[in-house]
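Scroll down for the structure; my scribbles are underneath it.
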Amino acid sequence: MFILRFKSSLISRNLTTTAAKRRRVPSIYKSLAIGEAEKAVTDYLHTTRSLSYSHAEHIATNASSSIRSLILKLDFSVATFSKSIRRHLRYHPINEFEFFFESIGIDLREVGEYLPEKKFFFSEDPRVLEAACALSGFGFPWNRLGRLYREERSVFLRSGDEIGSMLVRLSGVGFSTVAVAGICLAFPSVLCGGGAEVGCLFVKLKRLFEEFGAEEDVVVDENVESWYVFGRKVRVFYDLGFESEEMWELMGRNRLLFVEFSEEDLMRKTEFFCRFGVGKEEAALLILRNPEVMSFDVEEAVISVKGMLKHFGLSQDEVDALSLKHPYVFGRNRMKNLPHVVRALGLHERIFDRLKIGTYRLLSSYSLLDPEEDIDREYQQGLEEIQHLRCKTHSFQKLDFLHQIGFGENGLTMKILQHVHGTAVEIQERFQILLDNGIDFSKACMLIRSSPKSLNQKPHSIQEKIRFLCDEMGDSLEYLEVYPAYLCFDLENRISPRFRFHKWLVERGLSEKNYSIASIVATSEKAFVARLYGIHPAIPKHYFERFSYRKDRSTVS
């Protein structure tokens, strides 16, 4: 039986290998095969599925991965390939939506997220094709429509007439067809927003472009992609504070920002200043008022936290006091982490205010006083130990996250790292839950310093424990400063039953003491039961039967 199975497996493998070899297109004929396949799919969509020839061609010529997959289903022969692929399409219709979504610029690996359920042909839901045809007819590049679809899917639920009339109105502001297409790709919401808001945006963009004037450096070439790139740069600031008239005025005065720097450059710098915990509009205005900050290196420069604080004007006494209160922040770090370093110290508003009033140049003028400045030997030893770990990449990622939220290169950070479990992504999610629930950034860092294992709890568990603390126990988030380890205990099996039983005892006058949350939660099971027994010998039995997670046990001592 084993021999028969082995032979069957071997034959199957050989057949598969032979089929694969037979279907493979020789490299010298790949262009020919792709060209023939594109023609066949174009004719199929035009003749069989009744699409206009130009739209059928757009779909076929911009769906390269789907075309290659189709080719692999056939035996290749130079003499017969054209006929065989047309015969194949006659009896094996393609998923038209799959080809369509790839053709408008959506990666084939993502296409599955957008495919309509149980629909195969455009005739079953013609809306997306109708919208794409209207947009393409106006001047949108077919293979860039995916940018619109990803961000504003609702645009493709509108009729072609609706889309056409909206585009005509936008053109009336004074932009060319090419400009309107590029701007709409950068601001997809304009195609589904309210008329007044959309009109206002286009008027401001027109005024902005006129303020740039016809200077030597051309901001925008007259093509859709160039207008798209320009629109994306403007959108960096628009998303941060579009209601600010000052922001539009400052953009008009700083045309070089849009000539010399990419969208990615602008995003990185605005994100850097946003991490100071200030309003997004404040971060944008800082850059627009002081455009030279764009040339500052705030990524790779190494800083000494102590030296940086002095550089910003803090006295020696202030620095010493901070190092006693927040020793885990001190040591070295990267300039890119400076916003969170000062947030961990509770100094972010003070430092950002100094940046706003002209001391932003301190970011570029800082340098280490000495190559050995603030190097922590215990931290260096910890790095060497990590290098020898089997999962060193995993550990370095977690360490990098701690640095990102303001923990410096020091021995305390290394000790905290030893107690924190999970991936860097998971730890970041848990930390974010603390912030989302109203815990101040600096206090969240202090909580981690005092109770690193708090970051080992799952996000929903942290959420529920905080909710129970505030809603059920009637305490505030400040209590976590007193007893951060509260988050490390099990809510269902320890915190909740013990607190509810203690409350029951107090309400009935059975307990003279009103114990603290820490005393209720942290006491060992044996000591807690002994405490109950000291109130009355029958109390432990009542606790286990009515309140404890052990109440379902048949025997209670």
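Considering every residue within the stretch 443-456, establish whether at least one is assigned to a helix (DSSP H, G or I), of a type in the set (Val, Ile, Thr) and in contact with a helix residue (DSSP H, G or I) (Cβ under 7 Å, 6 or more places away or on another chain). Within the stretch 443-456 (the criterion being assigned to a helix (DSSP H, G or I), of a type in the set (Val, Ile, Thr) and in contact with a helix residue (DSSP H, G or I) (Cβ under 7 Å, 6 or more places away or on another chain)), the answer is yes, since at least one residue qualifies. Pairs meeting the criteria (first residue in the stretch 501-526 and closer than 18 Å to VAL482 by Cβ, second residue of a type in the set (Ser, Thr, Tyr) and in a loop (DSSP other than H, G, I, E, B), beta carbons under 6 Å, at least 6 apart or on different chains) are ALA518/TYR483.
With respect to (1) out of contact with any Leu (no Cβ under 7 Å at 6 or more places or on another chain); (2) surrounded by 17 or more Cβ atoms within 10 Å (Cβ to Cβ), the lone exception for LEU480 is condition (1).
Under the condition of being part of a helix (DSSP H, G or I) and open to solvent by less than 40 Å² (accessible area, probe 1.4 Å), the residues counted in the stretch 460-477 number 6. Look at the stretch 363-381: where a residue is touching a residue at least 40 places away in the same chain (Cβ under 8 Å) and acidic (Asp, Glu) and a partner is open to solvent by 50 Å² or more (accessible area, probe 1.4 Å) and assigned to a helix (DSSP H, G or I), sitting 6+ places away or on another chain with Cβ atoms under 9 Å, you get GLU373/LYS306; ASP374/LYS306.
Test SER165 against the criterion of being without any contact (Cβ under 8 Å) to a residue 24 or more places away in the chain and more than 16 Å from PRO188 (Cβ to Cβ), and give yes or no. In short, yes.
The combined condition, being closer than 30 Å to GLU281 by Cβ and touching a Phe, Trp or Tyr at 6+ places or on another chain (Cβ under 6 Å), is not fulfilled by LEU412.
Only one entry in LEU257, LEU309 is touching a Lys or Arg at 6+ places or on another chain (Cβ under 8 Å) and assigned to a helix (DSSP H, G or I), namely LEU257. Criterion applied to TYR533, TYR486 was being among the aromatic types (Phe, Trp, Tyr), in contact with a helix residue (DSSP H, G or I) (Cβ under 7 Å, 6 or more places away or on another chain), part of a helix (DSSP H, G or I) and closer than 30 Å to HIS326 by Cα, and the one residue passing it is TYR486. Being farther than 21 Å from LEU399 by Cβ, in a helix (DSSP H, G or I) and at pLDDT below 90 is a condition met by no residue of the stretch 268-279.
Considering the stretch 395-411, and only residues there that are farther than 13 Å from LEU383 by Cα and assigned to a helix (DSSP H, G or I), the residue that is most open to solvent (accessible area, probe 1.4 Å) turns out to be GLN404.
Filtering the stretch 209-222 for residues that are of a type in the set (Val, Ile, Thr) and open to solvent by less than 70 Å² (accessible area, probe 1.4 Å) leaves a non-empty set. What number of residues in the stretch 327-359 are open to solvent by 30 Å² or more (accessible area, probe 1.4 Å), within 17 Å of GLY406 (Cβ to Cβ) and part of a loop (DSSP other than H, G, I, E, B)? Qualifying residue count for the region: 1.
For every residue, the table says whether it meets (1) in a helix (DSSP H, G or I); (2) at pLDDT 50 or above; (3) in the same structural domain as THR61 (by the TED database); (4) open to solvent by less than 100 Å² (accessible area, probe 1.4 Å).
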{"position": "ILE3", "(1), (2), (3), (4)": "yes, no, no, no"}
{"position": "SER8", "(1), (2), (3), (4)": "yes, no, no, yes"}
{"position": "SER12", "(1), (2), (3), (4)": "yes, no, no, yes"}
{"position": "ALA20", "(1), (2), (3), (4)": "yes, no, no, yes"}
{"position": "LEU32", "(1), (2), (3), (4)": "yes, yes, yes, yes"}
{"position": "GLU36", "(1), (2), (3), (4)": "yes, yes, yes, yes"}
{"position": "VAL41", "(1), (2), (3), (4)": "yes, yes, yes, yes"}
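Scanning the stretch 74-106 for residues that are part of a loop (DSSP other than H, G, I, E, B) and in contact (Cβ under 8 Å) with a residue 24 or more places away in the chain yields LEU74, ASP75, PHE76, VAL78, PRO93, ILE94, ASN95, ILE104, GLY105, ILE106. When the stretch 80-114 is limited to residues that are among the small types (Gly, Ala, Ser) and more than 25 Å from TYR29 (Cα to Cα), the one that is most open to solvent (accessible area, probe 1.4 Å) turns out to be GLY112.
Does VAL556 satisfy being surrounded by fewer than 16 Cβ atoms within 10 Å (Cβ to Cβ), in contact with a helix residue (DSSP H, G or I) (Cβ under 6 Å, 6 or more places away or on another chain), among the hydrophobic types (A, V, I, L, M, F, W, C) and at pLDDT below 95? Yes. As for the stretch 360-369, it holds no residue that is open to solvent by less than 100 Å² (accessible area, probe 1.4 Å) and more than 17 Å from VAL298 (Cα to Cα). In this structure, does TYR543 turn out to be open to solvent by less than 60 Å² (accessible area, probe 1.4 Å) and within 18 Å of SER451 (Cα to Cα)? So TYR543 fails the test. Would you check if ALA321 is open to solvent by 20 Å² or more (accessible area, probe 1.4 Å) and not assigned by the TED database to the domain that holds LYS443? For ALA321, the condition - open to solvent by 20 Å² or more (accessible area, probe 1.4 Å) and not assigned by the TED database to the domain that holds LYS443 - is met. When the stretch 259-276 is filtered for residues that are closer than 22 Å to ARG343 by Cα, buried (at least 20 other Cβ atoms within 10 Å of the Cβ) and of a type in the set (A, V, I, L, M, F, W, C), the ones remaining, listed by number, are PHE272, PHE273, PHE276.
The values are calculated or read from the model by the stated rules, or taken from the named source; none is laboratory data. Small disclaimer: the values here were computed from a predicted structure and weren't measured. FYI the Cβ positions are ideal-geometry reconstructions off the backbone, even for glycines, and counts take in every protein chain you see. Accessible surface areas use protein heavy atoms only, side chains included; no ligands, DNA or RNA. Shrake-Rupley method; radii C 1.70, N 1.55, O 1.52, S 1.80 Å.
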